[in-house]
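The values are calculated or read from the model by the stated rules, or taken from the named source; none is laboratory data. Because the structure is a prediction, the values reported are computed rather than measured. Note that we place each Cβ from the backbone using ideal geometry, even for glycine, and neighbour counts take in every protein chain shown.
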Amino acid sequence: MKVGVPKEIKTHEYRVGLTPGAVREYVAAGHSVLVETNAGAGIGATDDKYRKAGATILDSAHEIFASSEIIIKVKEPQQSEWTQLRENQLLFTYLHLAPDPEQAKGLIESGCTAIAYETVTDARGGLPLLAPMSEVAGRLSIEAAGAALKRYAGGRGLLIGGVPGVQPARIVVIGGGVVGTHAARMAAGLGAEVTIIDRSIPRLRELDELFEGRVRTRFSTIDAVEEEVFSADVVIGAVLVPGASAPKLVSRGMLSSMRKGSVIVDVAIDQGGCFETSRPTTHADPTYEMDGVIHYCVANMPGAVPLTSSQALNNATLPFGLALANKGFSAVLENPHLRAGLNVHRGRLTYRAVAESLGLPFSPIEQAAA
């Protein structure tokens, strides 16, 4: 199969769909890999490195989309990309369609088959292609919070870990999944006072054992969220409903009761955000202030550390991508975990949570594939 890797074009997105090491695996499996020139520049992978790995370098994204049977990317296709997709072409990337009706419409109209990294599952019920970027984003969220807390950035002028004799920052993490766990790990390691809020008592027990008392846990209720958010210096939004829009857990009205100069980091912004006042920002202009609260809502946080992120992502996506290259759409029909990743097929939405979030018809895969 012809596998295409275009250069990412989202603002300050430096990751790449396939590293040279991953290209070698596809070539060894008998596939042709077409890479857009300079696609790997953000991770220091030159065109020559890709050629040595067995790839063919093409001069433009147009050539990549026109020549490839499967497109492997990192971020959701932008308008100039989804208009180049076609019927029977496979797209394998992050999609985050629930808060993005324009992209959903574009993919539907293209007739392509789109498999979303973020809804592919594994035998343990996890999200193996979302997890590595969630790990990165969770850790970066604390770095972002630390920067936004600085006085010149509009924050309270607070050092996350404090110093001897001075109280550290109070950090509240809403959501105890992969993002929340890694955010809490970083925050606790810096010496912050950390609380994790989650609705799963078994998960709270696991977190309590994992952190051995270094992190507080609270069951999520309206009262608990308000109490913790109002006394926090930093609130990390780390809530995930696979495929669906994130629930709004902090309202606009709550901001007036938060500490002035406190910081919100909404890691759920790819799925619409879990704060009512969140709107997507970029690495070029990452924050904005509303009612005295600093908002950090960068939609591609791991793109800031592309070398780490690309390697981690390729490690996770490789077996699934090879299965698609080896068998085409048949791999989706045969593999229940890839089936869970199917979001769009032949002009139909095939992931229920996405369809419900967008208010569009849902087609079971059996119906869409008929």
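Just for region 231-282: of the residues that are among the charged types (D, E, K, R) and within 14 Å of the chain's Cα centre (by Cα), which one is nearest to Gly303 (Cα to Cα)?
Taking the candidates together, the pick is Asp270.
Could you tell me which of the residues Thr121, Thr93 is closer than 20 Å to Pro302 by Cα, among the polar types (S, T, N, Q) and modelled with pLDDT of 95 or more?
Thr93
Restricting to region 15-32, give me the number of residues that are part of a helix (DSSP H, G or I) and out of contact with any strand residue (DSSP E or B) (no Cβ under 7 Å at 6 or more places or on another chain).
6
Rundown of residues vs (1) under 21 Å from Leu360 (Cβ atoms); (2) hydroxyl-bearing (Ser, Thr, Tyr); (3) at pLDDT 95 or above, yes/no style:
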site: Ile71; (1), (2), (3): no, no, yes
site: Ser80; (1), (2), (3): no, yes, yes
site: Leu85; (1), (2), (3): yes, no, yes
site: Ala98; (1), (2), (3): yes, no, no
site: Ala104; (1), (2), (3): yes, no, yes
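Go through region 30-68 and count every residue that is touching a Pro at 6+ places or on another chain (Cβ under 7 Å) and among the β-branched types (Val, Ile, Thr).
Count: 2.
Could you please give the count of residues in region 115-145 that are over 15 Å from the mean Cα position of the chain (by Cα) and of a type in the set (Gly, Ala, Ser)?
The qualifying residues number 4.
Residues being buried (at least 21 other Cβ atoms within 10 Å of the Cβ) and of a type in the set (Val, Ile, Thr): count how many of those fall in region 302-332.
Adding up the residues that qualify gives 2.
If Glu135 passes every condition in (1) in contact (Cβ under 8 Å) with a residue 60 or more places away in the chain; (2) charged (D, E, K, R); (3) in a loop (DSSP other than H, G, I, E, B) but one, which one does it miss?
(3)
Can you name the residue in region 19-39 that is over 11 Å from Gly54 (Cα atoms) and free of Cβ contacts under 8 Å to residues at least 60 places away in the same chain and, of all such residues, is farthest from the chain's Cα centre (by Cα)?
Thr37
Return a yes/no flag: does region 287-301 have any residue that is in contact (Cβ under 8 Å) with a residue 60 or more places away in the chain and surrounded by fewer than 18 Cβ atoms within 10 Å (Cβ to Cβ).
Yes - at least one qualifying residue is present in region 287-301.
Across region 353-367, what is the number of residues that are more than 18 Å from Lys105 (Cβ to Cβ) and charged (D, E, K, R)? Break it down stepwise before answering.
So in region 353-367, the residues more than 18 Å from Lys105 (Cβ to Cβ) come out as 364-367.
Within this subset, residues satisfying the condition of being charged (D, E, K, R) are 366.
Looking only at that region, the number is 1.
Regarding region 328-342, can at least one residue be identified that is at pLDDT 95 or above, out of contact with any strand residue (DSSP E or B) (no Cβ under 6 Å at 6 or more places or on another chain), charged (D, E, K, R) and farther than 30 Å from Gly111 by Cα?
No, region 328-342 contains no residue that is at pLDDT 95 or above, out of contact with any strand residue (DSSP E or B) (no Cβ under 6 Å at 6 or more places or on another chain), charged (D, E, K, R) and farther than 30 Å from Gly111 by Cα.
What number of residues within region 1-12 satisfy the criterion of being assigned to a loop (DSSP other than H, G, I, E, B) and either crowded, with 23+ Cβ neighbours inside 10 Å or among the hydroxyl-bearing types (Ser, Thr, Tyr) (or both)?
Residues meeting the conditions: 3.
Can you name every residue in region 204-250 that is among the acidic types (Asp, Glu) and more than 25 Å from Gly161 (Cα to Cα)?
Selection gives Asp223 alone.
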